[in-house]
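J.: Take this structure first; my questions come after.
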Amino acid sequence: MTEHHHQHHHDHSELSETELRVRALETILTEKGYVEPAALDAIIQAYETRIGPHNGARVVAKAWSDPAFKRLLLEDATKAVGTLGHVSRVGDHLVAVENTPQRHNMVVCTLCSCYPWEMLGLPPVWYKAAPYRSRAVKDPRGVLADFGITLPKETEIRVWDSTAETRFLVLPMRPAGTDGWSEQQLAELVTRDSMIGTGFPKTPGVP
Amino acid sequence: MNGVHDMGGMDGFGKVEAEPNEPVFHQDWEGRVMAMVRAMGAAGAFNIDTSRYYRESLAPHIYLACTYYQKWFLGLQDMLIDKGFISAADVAAGHSESPAKPLKRGKFTLNDLERIMVRGKFGREPSAPARFKPGDRVRARNMHPATHTRLPRYVRGHAGVVERNLGCSIFPDSAAVEAGENPQWLYTVVFDGVELWGADSDPTVKVSIDAFEPYLEAA
């Protein structure tokens, strides 16, 4: 029995059925020599720390600051992100889509949960759940209202359903009042939801 | 398959509820499940399309009642049993009671971590020229395969416009049933909201899907 178990000796009565079944499966896979538990720990740690919206925020802030980078990002996002050595590697199939005063982009996966992990981390529960998946393609303005977002009536809304291995990153509009800001300052304004299209970047000076 | 996972356009699921400051995992076991799926996939036990197919194949009442990682867990366990990597007796006992089956890429160890932190490559060499080009009017076929497909029901039979050729890619409908990669051209196809949802639709809405060539016909 491990140290962890000693500390939580009352666990067994409280373990959910799911938790017991998951533990059993890991035991089986380990005993068969398919996986190393330490490797599973490392995967979890990598997903908890290395990937996340901070990666996408750097890309957006760079695009706001550097017109040549923005052009490349919209033309070939995989290539553009590849030029930023510090951002995790995104594979071959990233597409960036730009919000403008005329058009707002929003990303969904109606069939499952496809999401640009390398840019935004693992998706939040709402992105993977039925309310968002069912309504985003039929009533995007209603979904945006759930997020407290209202767009002008005439703005085109483009919903991208991630039905293949292409992954979409929304490039939100740069907030007003940020002239002369550094990329680092700008990145602080970029929210996860603004890169999915269910939110806006933070407004400068508003916490 | 016309499963309950194909949710686009369904009504009645209620409001989107976002959780402020949501953790990556809500319970430790969720992380273990995600890691086991990634590790066993990387070791060659199954491909990503097959894993999606198993989650979709959960009975509708189970699919709807389960949390996300519960679906991942059930899909993984069913798949590993069907592929012969574990047995139902192992699961019942909570221990390995049968011999292991060799994995295509061997045991998943710490040295394999970096391999899974880069997205896989799905592009493949085409065997024929692309049938459609940007600007072409196309119609999503009225097709209802009983197995895995990435053509959502809400576009079937509807006309749209090809916006982008995304290259030639592994065809999930084939890969999911282990019938080979069968690469197909892939396009972004845009539909008007009114075409999909009728005259009451918000006229400012456009919806795109990424559609493999076998999903499309000229319109």
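Laboratory data are not the source of any read-out in this text; all were calculated from the coordinates shown. Being a predicted model, the structure only gives us computed values, none of them experimental. Reconstructed Cβ throughout: ideal geometry from the backbone, glycine too, with neighbour counts over all protein chains shown.
J.: Which distance in Å, rounded to a whole number, links the C-alpha centroids of segment B:48-94 and segment B:1-31?
T.: 18 Å
J.: Once you charge only the Cβ atoms, +1 for Lys and Arg and -1 for Asp and Glu, what is the size of the charge dipole of segment A:53-196 about its Cα centre, to the nearest 20 debye? Don't skip to the answer; put the middle values down first.
T.: Working: 17 positive and 16 negative charges, 48 e Å.
The calculation lands at about 220 debye.
J.: In whole Hz, what ³J(HN,Hα) sequence does segment A:136-146 give by Karplus (6.51, -1.76, 1.60; θ = phi - 60°), x for Gly and Pro?
T.: 4, 7, 9, 9, x, 5, x, 5, 4, 4, 4
J.: Next question. With each run of n ≥ 4 DSSP H residues scored as -39500 (n - 2.57), what mean residue ellipticity at 222 nm is computed for chain A after dividing by its residue count and rounding to the nearest 500 deg cm²/dmol?
T.: -12000 deg cm²/dmol
J.: Can you find, among B:65, B:108, A:190, the residue farthest towards the positive end of the dipole of the protein assembly as shown? Put +1 on the C-beta of Lys and Arg, -1 on that of Asp and Glu.
T.: Of the candidates, A:190 comes out farthest on the positive side.
J.: Okay, moving on. Just how large is the dipole of segment A:38-105 about the Cα centre, in debye to the nearest 20, putting +1 at every Lys and Arg Cβ and -1 at every Asp and Glu Cβ?
T.: 200 debye
J.: As I understand it, the dipole of the protein assembly as shown uses +1 on the Cβ of Lys and Arg and -1 on the Cβ of Asp and Glu, about the Cα centre. Which of B:40, B:130, A:132 lies farthest toward its positive end?
T.: Positive-end residue among those listed: B:130.
J.: Lys and Arg at +1, Asp and Glu at -1: add these up for the other residues within a Cβ distance under 12 Å of residue A:178 and post the number.
T.: That works out to -1.
J.: Round to the nearest 0.05 the FRET efficiency obtained for residue A:83 and residue A:173 when R0 = 25 Å and r is the Cβ-Cβ distance.
T.: 0.65
J.: Using the 10 angstrom Cβ neighbour count as an exposure proxy, how do B:168, A:109, B:66 rank, fewest first?
T.: B:66, B:168, A:109
J.: Counting other beta carbons within 10 Å of each residue's own, what order do B:61, B:26 fall into, fewest first?
T.: Numbers: B:61 9, B:26 14.
Lowest count first: B:61, B:26.
J.: At a temperature of 37 °C and a viscosity of 0.692 mPa s, determine how fast the protein assembly as shown diffuses translationally according to Stokes-Einstein, using the Kirkwood radius over alpha-carbon pairs as Rh; express D in µm²/s, rounded to the nearest whole number.
T.: 145 µm²/s
J.: Let me ask something else. On average, how many beta carbons from a partner chain sit within 10 Å of the beta carbon of a residue in B:204-216?
T.: Taking all residues of B:204-216 together, the mean is 6.
J.: Applying 1/(1 + (r/R0)^6) with R0 = 35 Å to the Cβ-Cβ distance of residue B:21 and residue B:87, what FRET efficiency is obtained, to the nearest 0.05?
T.: It comes out at approximately 0.25.
J.: A follow-up question, please. List the Cys residues of the protein assembly as shown that have no partner Cys with a C-beta closer than 4.7 Å.
T.: So far as the 4.7 Å Cβ criterion goes, A:112, B:66, B:168 stand without a partner in the protein assembly as shown.
J.: Still on this structure, I have one more. So which of A:79/B:206; A:32/B:121; A:138/B:15; B:83/B:107; A:70/B:206 end up more than 22 Å apart, counting from Cα to Cα?
T.: Distance filter (> 22 Å) returns A:79/B:206; A:32/B:121; A:70/B:206.
J.: Hey, how many Å between the Cα centroid of segment A:146-181 and the Cα centroid of segment A:184-207?
T.: Using only Cα atoms to place each centre, the spacing works out to 11 Å.
J.: Oh, and also: Output ³J(HN,Hα) for segment A:69-85: one whole-Hz value per residue in order, computed from phi by the Karplus curve 6.51 cos²θ - 1.76 cosθ + 1.60 with θ = phi - 60°, and x for Gly and Pro.
T.: 5, 4, 4, 5, 4, 6, 7, 8, 5, 4, 5, 4, 5, x, 6, 9, x
J.: How do A:76, B:90, A:139 rank when sorted from fewest to most other Cβ atoms within 10 Å of their own Cβ?
T.: A:76, A:139, B:90
J.: Based solely on its DSSP helices, what 222 nm [θ] is calculated for chain B when runs of n ≥ 4 H residues each add -39,500 (n - 2.57) and the sum is averaged over all residues, nearest 500 deg cm²/dmol?
T.: -8000 deg cm²/dmol
J.: Taking R0 as 25 Å, what's the FRET efficiency between residue A:183 and residue A:76 from their Cβ-Cβ distance, rounded to 0.05?
T.: 0.75
J.: In chain B, if the dipole is taken from +1 on Lys/Arg beta carbons and -1 on Asp/Glu beta carbons about the Cα centre, which of B:214, B:196, B:142 is farthest to the positive end?
T.: Projecting each Cα onto the dipole axis, the largest value belongs to B:214.
J.: Quick one: Karplus J couplings for segment B:177-190, per residue in order, coefficients 6.51, -1.76, 1.60, θ = phi - 60°, nearest Hz, x for Gly and Pro?
T.: 9, 6, 9, x, 6, 6, x, 9, 5, 10, 10, 7, 10, 9
J.: Another one. Mind checking B:117-127 for the average number of partner chain beta-carbons within 10 Å of each residue's beta-carbon?
T.: The mean count of partner-chain Cβ atoms within 10 Å per residue comes to 4.
J.: Within segment A:27-51, list the residues whose amide N lies under 19 Å from a label point set 7 Å along Cα→Cβ of residue B:97.
T.: Label zone hits: A:27-33.
J.: As I understand it, the value is the acute angle between the Cα axis of helix B:28-42 and the longest principal axis of the Cα atoms of chain B; what does it come to in degrees, rounded to 10?
T.: 80 degrees
J.: Give the Kirkwood hydrodynamic radius (Å, one decimal) of segment B:28-116, defined as one over the mean of 1/r across all pairs of different Cα atoms.
T.: 13.8 Å
J.: Taking all pairs of different Cα atoms in segment A:52-207, averaging 1/r and flipping that mean, what Kirkwood radius in angstroms comes out?
T.: Roughly 15.7 Å, rounded to one decimal.
J.: Per residue, what volume in Å³ does the convex hull of the Cα atoms of segment B:87-219 enclose?
T.: Value for segment B:87-219: 195 Å³ per residue.
J.: Another question, then. Using the Cα centre of the protein assembly as shown as the reference point, and only Cβ charges (+1 on K/R, -1 on D/E), how large is the resulting charge dipole? Debye, rounded to the nearest 20.
T.: Dipole magnitude for the protein assembly as shown comes out near 1040 debye.
J.: Ok, one more. Would you mind telling me which residue in A:19, A:183, A:36 has the biggest mean-square fluctuation in a Gaussian network model of chain A, where springs connect alpha carbons within a distance under 10 angstrom?
T.: Between A:19, A:183, A:36, it is A:19 that shows the largest mean-square fluctuation.
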